[in-house]
Amino acid sequence: MIDNQLIEKLQKENVTLAFNVPMKHHTSFRIGGCADALCEVKDVPSLRAVTALCREYGVPYFILGRGSNLLVSDQGIEGLVITLGGEFCEVSLTEENVIRAGAGCTLAKLCMFAKEMSLSGLEFAWGIPGSVGGAVYMNAGAYNGEIKQVTVAVDYMDKDGQIKRCRADELQFSYRHSRFTDTEDIILSAAFCLTPKEQNAIAEKMNELMERRKLKQPLNHPSAGSVFKRPEGAFAAALIEECGLKGYRCGGAQVSPKHAGFIVNDNGATAEDVLHLIEHIRQVVSEKKHINLCCEVKFVGRK
């Protein structure tokens, strides 16, 4: 529970505060118990104040993006879940061919803005249901594109509330990883250097990739995207399908009959259903293919 004194102090900041918030409404999996509290911050001073107060009162906090790569515990999340609104959702052209976007900005909004500015390089991200912060955090990618290919700088706040900037060569990007992965640093915004291109050509590429997603991915069911990282020299979906697991289910969680790399919430799945299914997949693939699959989806909350 959150101390009443802390609640009073939080309410004095430029934030929106709610309690016992069902996290299934804030994740693409549509799964998860309640967060003790959810707080939307709209600017950097508010974010600094809220995180400082949480540390002062010993309350854990978690920064939530679009919830597209998360599995939230059925028991919910202890402490404060922080979402980034207001100025964190803004996107602008800051210099020639460079777009800066706040960490709370959706990739969809960023991609549309880039297209409107006739700037190419983000087409691969069209259709990824995440935020800029989340994309940088895990070096999101698809269709031979990765966020590292266009990112030139990231502003972030460290655990002491200091604002700092990382250049591209300091971001330590690798497959589904950045220097921010598993740190307490909070991504504030990112700058992307893109290439001028005819707007219709950009739109054509975006439409082409979206059609490929619709054709191959189970977009009509709640999911968290690809569940497993790509193992070296193989594809997780192919391995899972070859093991006869396409369509396999645990409770309401199912290996998608359309794309074996996805687990879908088919009928009121719980986090436990998903975790059991993930473990079963890993065990079968290990036994039959002698390959250990690593989970890409992040589990958060009470255990």
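Miscellaneous remarks
- Non-local lysine pairs in segment 227-303, meaning eight or more places apart or on different chains, with alpha-carbon distances under 16 Å, amount to 5.
- Pairs beyond 26 Å (Cα-Cα), from Lys24/Lys159; Lys9/Lys159; Lys115/Lys214: Lys24/Lys159
- Multiplying the residue separation of Asn14 and Lys298 by 0.36 nm and subtracting their alpha-carbon distance yields 99.3 nm.
- Listed by number, the DSSP H helices of the chain that run 18 Å or longer by alpha-carbon position along their axis and have mean Kyte hydropathy of at least 0.0 are 44-57.
- Candidate aspartates and glutamates - alpha carbon under 12 Å from Lys164, same-chain residues fewer than 8 apart omitted: Asp155, Asp185
- Semi-axis lengths, largest first, of the ellipsoid equivalent to segment 144-303 are 32, 22, 16 Å, with √(5λ) applied to each eigenvalue of the Cα gyration tensor.
- Expressed as a whole percent, the proportion of Cα-Cα pairs in segment 4-84 lying more than 20 Å apart is 27%.
- Here, segment 38-86 is characterised by an Rg to Rh ratio of 0.98, where Rg is the alpha-carbon radius of gyration and Rh the Kirkwood radius.
- Sites Arg212 and Ile163, calculated FRET efficiency, Cβ-Cβ separation with R0 30 Å, nearest 0.05: 0.15
- Beyond 29 Å, the tail of the calculated P(r) for the chain holds 38 percent of the Cα pairs.
- Dimensionless Rg over Rh [segment 18-152; C-alpha; Kirkwood]: 1.01
Throughout, read-outs are computed from the coordinates displayed, never taken from laboratory work. Note that the structure is predicted; figures quoted are calculated from it, not measured. Quick reminder, even Gly has a Cβ in these numbers, built from the backbone with ideal geometry, and neighbours come from all protein chains shown.
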